[in-house]
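Heads up: the structure comes next, in structure tokens.
The values are calculated or read from the model by the stated rules, or taken from the named source; none is laboratory data. Just so it is clear, the structure is predicted and the values come from calculations on it, not from any experiment. So basically every Cβ, Gly included, is an ideal-geometry build from the backbone, and we count neighbours across all protein chains shown. Just the protein is used for accessible areas: all its heavy atoms, side chains included, with ligands, DNA and RNA removed. Shrake-Rupley method; radii C 1.70, N 1.55, O 1.52, S 1.80 Å.
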Amino acid sequence: MDKEIFIGRQQELKAIHLLMDKKRNLVVFGEEGVGKSAIVRRVLSDSGSSFLFFSAGSMTLKESLVNFILSSQNGKNDIGGKNILSLKRIFYPLLKRNPEYIIFDQLGRVGPKFCSFFEYLLDKEIPLLVVSRGVRDDNIGHLRMMLFNFEKVEIANFDKENTIALVEQYVNEYKLNLCRQDDFAMEVFHFSKGNPKIIKELCSLARNGKYQKEGRTDVKLIDLDRRIQEISI
């Protein structure tokens, strides 16, 4: 993810750093596109952790186990066809290496079997970091019952000031020729509601000259086209 995404994220980065330094269990949550995964990866890069298990996609227990085993650098490339029990038999001995953290990025809705896996890890007192769209039942399922064990850091959409700063970065990066940049930035804030992913998409589409009309950029039309593209993907 582009470095500009970290504009205005100093407070969130600091909070996650401090909690991880204390080895606390942690849920980082927020709506799609706010940069949760990028922020966590930035913290991990800055911390220089010596050893951890990382699952880039954690929609299911099996996906998480496969990713954890692969991240252990044991060279096991033929594990995709194994069942959950076999994967656990590979993974559990690896815990003896005392990972600093076990990280579930892009966590899906946790069912009973997945929840039991979390219970096992919590009993082992290994610090956990979960990245999720939210902390409600429809976001994380049964894990909701264990949230008293976790600190929570919400990654929210940008406010107007940080949205304008991010727009300025993309205007420079994409070399946008705008007649009314201030108006453009305000309209981007209105249509994106401060979501960094949408901000980037709107600015990227603005490179197309068809949106330049009567000395202004038609952000409403850009957003309409963005939504159509989103549905068609």
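General observations
- Filtered residues of region 89-122 (kept if among the charged types (D, E, K, R) and part of a helix (DSSP H, G or I)): R89, K96, R97, K113, E119
- Residues considered: I199, I228. Of these, the only one that is farther than 19 Å from N162 by Cα and either surrounded by fewer than 17 Cβ atoms within 10 Å (Cβ to Cβ) or of a type in the set (V, I, T) (or both) is I228.
- Counted residues, region 148-180 - those being open to solvent by 20 Å² or more (accessible area, probe 1.4 Å) and out of contact with any Ser or Thr (no Cβ under 9 Å at 6 or more places or on another chain): 18
- Selected residue (only one of R97, R144, R136 is surrounded by fewer than 16 Cβ atoms within 10 Å (Cβ to Cβ) and touching a helix residue (DSSP H, G or I) at 6+ places or on another chain (Cβ under 8 Å)): R136
- When R216 is tested against (1) free of Cβ contacts under 8 Å to residues at least 24 places away in the same chain; (2) farther than 28 Å from A156 by Cβ, exactly one condition is not met: (1).
- Subset of region 113-125 [touching a strand residue (DSSP E or B) at 6+ places or on another chain (Cβ under 9 Å) and either open to solvent by 20 Å² or more (accessible area, probe 1.4 Å) or among the small types (G, A, S) (or both)]: L122
- Residue match in region 208-221 (condition: open to solvent by less than 50 Å² (accessible area, probe 1.4 Å), more than 19 Å from the chain's Cα centre (by Cα), under 30 Å from K14 (Cα atoms) and not charged (D, E, K, R)): no
- When residues of region 123-149 are limited to those that are aliphatic (A, V, I, L, M), outside any helix (DSSP H, G or I) and over 13 Å from F29 (Cβ atoms), the one modelled with the highest pLDDT: L128
A quick yes/no check of all residues on (1) more than 30 Å from K82 (Cβ to Cβ); (2) without any contact (Cβ under 8 Å) to a residue 40 or more places away in the chain; (3) open to solvent by 90 Å² or more (accessible area, probe 1.4 Å):
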{"residue": "I7", "(1), (2), (3)": "yes, no, no"}
{"residue": "E12", "(1), (2), (3)": "yes, no, no"}
{"residue": "S37", "(1), (2), (3)": "no, no, no"}
{"residue": "S50", "(1), (2), (3)": "no, no, yes"}
{"residue": "S55", "(1), (2), (3)": "no, no, no"}
{"residue": "S58", "(1), (2), (3)": "no, no, no"}
{"residue": "L61", "(1), (2), (3)": "no, no, no"}
